[in-house]
Amino acid sequence: MVGQWLPILLWRALLFSVLVLLPAGRAQSIQIDALLGFGSSPESAFYRAGCWTPLTIYLSGEGIRGVGQVQVVVRDWQTVTRYVRRVSLQEGPINETVRFSILMRARPAYYLPPGTPSAPDIRVTLLVNGQKKAEETLVLPEEVPPTAFNVLALTGNPDGLFFLQRKNPGLLHRGYVAEQADARVAGPLAAGTVLYTHATDLRALPEFAQAYEMMDAVVLGDLPLQRLTPAQLRALEDYVVDGGLLIVTGNDNMARLQHSFLARILPIIPTGFGPLDPSVLVARYRGPLPRNLGAVRGRLKPGGQALLGQAAQTGTLPLVSARDHGNGTVVFTSFDTTALELRGWSGVYSFWRDLLSAGRNTVSPRRVLQQAARMHGFAFADAVALADALAGERASRIPSLWTLSAFIGLYILLLVPVSYLLLKRWDRRELAWITAPLLILAFTGVAYAIGHTLKGSALTANRLTILEGATDTEQLAGYAQVTLYSPARATHDVVLRNARFPEAPFLPHEIYLSSDLTSTPELTLDQDIPITLRQVRVRQWDTRSFEMPFVFPLEGTVAVQTESARNGYRATIVNRTPYLLRDCALLNGDRVITIGDLAPGARRTLDNDGRKMRWQTEGSWNFLSLPSPGTPGDAAHVRDAPAWRPIQSALIRTLATTGKSWRNVYPAGYAYAASGSAPNVFIGWFTDPVVEVQVDGRTVEGDPINLLVVHLPVPARAPMKLQAIRNPFLRPPARQLEDAILPEVGSR
């Protein structure tokens, strides 16, 4: 009998192994490869600390059917952040690419406690149907110096623009200027003026604009745009709106220039292609050009500016033209500046230095506020005040000293003398075992009722937003800080959205972290649409704060025209937005010209009085001196004061003192304090919500306040000194550049 069933049992056991164990073995064969930063391979990649960084996960091997989730856990000295995205897997061979953007926090060496790891731990895990199928620990690539100027080359040539690294152009990462270094830091700063050029796997191009944060310029050469996904093209455009510099080269491929992406952002309208007239280049850079170079023909768009060479009646475009797009700049060269023939030209390095200097380097209030928030708890007292203001009055409200004294005194009086004397008089002192707990419970309830009355019972989210851009442009770069206040201990799913475009892909992150190194806050960021902060834990009557950059369409523009006047300039401002702009002003460095309120459609012309309206041309800044709010006696301001005045006042103090405080405390603090050239801007405030906050699927109300910053255009008919502020081709060219001491990026 046993002999008859034994073969059947063996066959069933074998079949079970094939059906169950074999698929499990296949699942374990999934391989994880990762590319952190920008580079053609993990061995040639670079990243910059303190920036959002692209992380590309390549999945290969034998797949398994199911819903997968890729998790990236970053354990740093102060935080644990988990980034997650979903991925659908099928049986058979797999070849999946999952793109992340992660924040590589700066690590101030002077503050790290003993025993802190020298680098963050980054671990990638693949889960399928809730089970771990593969895991990989990443090795960090090389880190570029904090002041290094970084260029990303998107060209068909695999060598990219690596040849530019042979010379040191003396440029600094955006947000820094050479004049910022005083005698104590001039040496280290000068050593950091190096140029890094990067090429990258196109699959690794970010889908979120923040991942371009380390890049000072992106050069779009002859790369076919059809090879990029819509999400990658959108991220590249948003990078420009956020303040980036995009350089587009011309060639004889007219269909490429008519692509919807380029047609929308270029400063020109191309009409044809013809021979290049090299006379302007030869005269400026004193070197003969190769023959038979061609140039794009066409005309400038409204708002387009000729940087080098004027448009001729024949229809030939300027050799170099530019146009503001949001808060950034798009530069177009009518000839192919990446062509191999130009690499032997004696003026190529000097020309590229001018080209890479065409971006905006004015101090950005968004960057100043962002750095203050990220370094909270280490140097910025005013950033602490801003965090408290965003938390709201209820978060810091406590009973008065007299109320606390009376409450504690009455509690002690009833608990001990009164209770004892009454029970003694009644000869029932054994009841103290009952009366004492009852009194304790009663006073506990009263204490909670007092706290509930002071703290409230509503979940709220106060919002502070800075919108920044050029004149007469609808697309503005936005930066929001949101503080979530919870009346009860709870865990929430939080979604921060652009109120105009809810599906816009920008990533929030936690800010205003405590300097208490005994606690390690955790955060889970789901990077699938809608972007969600998962399982955010908030203690009772406590807050958590988050930042979110985004692009905001203003539904109209603020148009500012400036023209030269006696000893200064004249400005005309038109509010074409649907918002009432309050407390408007013009800022020229530390000079302030108050304007008052501007209703929708209002126009205001300010004539130069010979004293105030002077264009700021010299000096470097890492702060903004904003005027104080309007007259407190104004009925409108009194009515609005409870909603947003404390947040507004705290922001004004933060922008005015953050950079100064940081550099006073730490002489080498330029690496962490955003900076730039002196500002010439228009500002105004409005209180319409531009950021929507959803908690567990429900919209949460709060107090919004928004600062609008519009960079003024250089005055018409201005002297050459003023025009050269935005046009590097009007400055003397660098005839000789020093040889760079830098390893070839592509040779590693």
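The values are calculated or read from the model by the stated rules, or taken from the named source; none is laboratory data. If you're wondering where the values come from, they're calculated on a predicted model, not measured in any experiment. Note that we place each Cβ from the backbone using ideal geometry, even for glycine, and neighbour counts take in every protein chain shown.
Does segment 639-652 include one or more residues that are at pLDDT 85 or above, out of contact with any Gly (no Cβ under 8 Å at 6 or more places or on another chain) and over 15 Å from residue 686 (Cα atoms)? Working first, answer last.
The first filter runs over segment 639-652 and keeps only residues at pLDDT 85 or above, leaving 645-652.
Narrowing the set further to residues that are out of contact with any Gly (no Cβ under 8 Å at 6 or more places or on another chain) leaves 645-652.
From the residues that got through so far, the ones that are over 15 Å from residue 686 (Cα atoms) too are 650.
For segment 639-652, residues at pLDDT 85 or above, out of contact with any Gly (no Cβ under 8 Å at 6 or more places or on another chain) and over 15 Å from residue 686 (Cα atoms): present.
Have a look at 102, 122, 94 and point out the one that is touching a Leu at 6+ places or on another chain (Cβ under 7 Å), assigned to a strand (DSSP E or B) and under 30 Å from residue 356 (Cβ atoms). Spell out the reasoning first.
Details: 122 fails: under 30 Å from residue 356 (Cβ atoms); 94 fails: under 30 Å from residue 356 (Cβ atoms).
Result of the check over 102, 122, 94: 102.
Which condition does residue 157 not pass, out of (1) surrounded by 15 or more Cβ atoms within 10 Å (Cβ to Cβ); (2) of a type in the set (S, T, N, Q); (3) more than 25 Å from residue 236 (Cα to Cα); (4) out of contact with any strand residue (DSSP E or B) (no Cβ under 7 Å at 6 or more places or on another chain), if it passes all the others?
For residue 157, the exception is condition (3).
Of all residues in segment 27-44, which are at pLDDT below 90, closer than 27 Å to residue 194 by Cα and either crowded, with 20+ Cβ neighbours inside 10 Å or outside the structural domain of residue 119 (by TED's automatic domain parsing) (or both)?
Across segment 27-44, the qualifying residues are 39, 44.
On the given criteria, is residue 605 assigned to a strand (DSSP E or B) and loosely packed, with under 13 Cβ neighbours inside 10 Å?
Working: assigned to a strand (DSSP E or B): yes; loosely packed, with under 13 Cβ neighbours inside 10 Å: yes.
Yes: the conditions hold for residue 605.
Would you mind finding the one in 587, 513, 507 that is assigned to a strand (DSSP E or B) and either touching a residue at least 60 places away in the same chain (Cβ under 8 Å) or of a type outside the set (Lys, Arg) (or both)?
Details: 513 fails: assigned to a strand (DSSP E or B); 507 fails: assigned to a strand (DSSP E or B).
Sole residue among the options that is assigned to a strand (DSSP E or B) and either touching a residue at least 60 places away in the same chain (Cβ under 8 Å) or of a type outside the set (Lys, Arg) (or both): 587.
The rows are residues; the columns are (1) modelled with pLDDT under 95; (2) under 16 Å from residue 127 (Cα atoms).
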{"position": "47", "(1), (2)": "yes, no"}
{"position": "59", "(1), (2)": "yes, yes"}
{"position": "68", "(1), (2)": "yes, yes"}
{"position": "72", "(1), (2)": "no, yes"}
{"position": "75", "(1), (2)": "yes, no"}
{"position": "80", "(1), (2)": "yes, no"}
{"position": "84", "(1), (2)": "no, yes"}
{"position": "106", "(1), (2)": "yes, no"}
{"position": "110", "(1), (2)": "yes, no"}
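Looking only at segment 626-635, decide whether some residue is of a type outside the set (Gly, Ala, Ser), under 25 Å from residue 567 (Cα atoms), surrounded by 15 or more Cβ atoms within 10 Å (Cβ to Cβ) and at pLDDT below 85. Working first, answer last.
Taking segment 626-635 first, the residues of a type outside the set (Gly, Ala, Ser) are 626-627, 629, 631-632, 634.
Next, only the ones that are under 25 Å from residue 567 (Cα atoms) stay: 626-627.
Checking the rest, the ones that are also surrounded by 15 or more Cβ atoms within 10 Å (Cβ to Cβ) come to 626-627.
Of the ones still in play, those that are also at pLDDT below 85 are none.
No - not one qualifying residue is present in segment 626-635.
Taking the conditions exactly as written (over 26 Å from the mean Cα position of the chain (by Cα), at pLDDT below 90 and surrounded by fewer than 19 Cβ atoms within 10 Å (Cβ to Cβ)), does residue 596 satisfy them or not?
Values: over 26 Å from the mean Cα position of the chain (by Cα): yes; at pLDDT below 90: no; surrounded by fewer than 19 Cβ atoms within 10 Å (Cβ to Cβ): yes.
It is false that residue 596 is over 26 Å from the mean Cα position of the chain (by Cα), at pLDDT below 90 and surrounded by fewer than 19 Cβ atoms within 10 Å (Cβ to Cβ).
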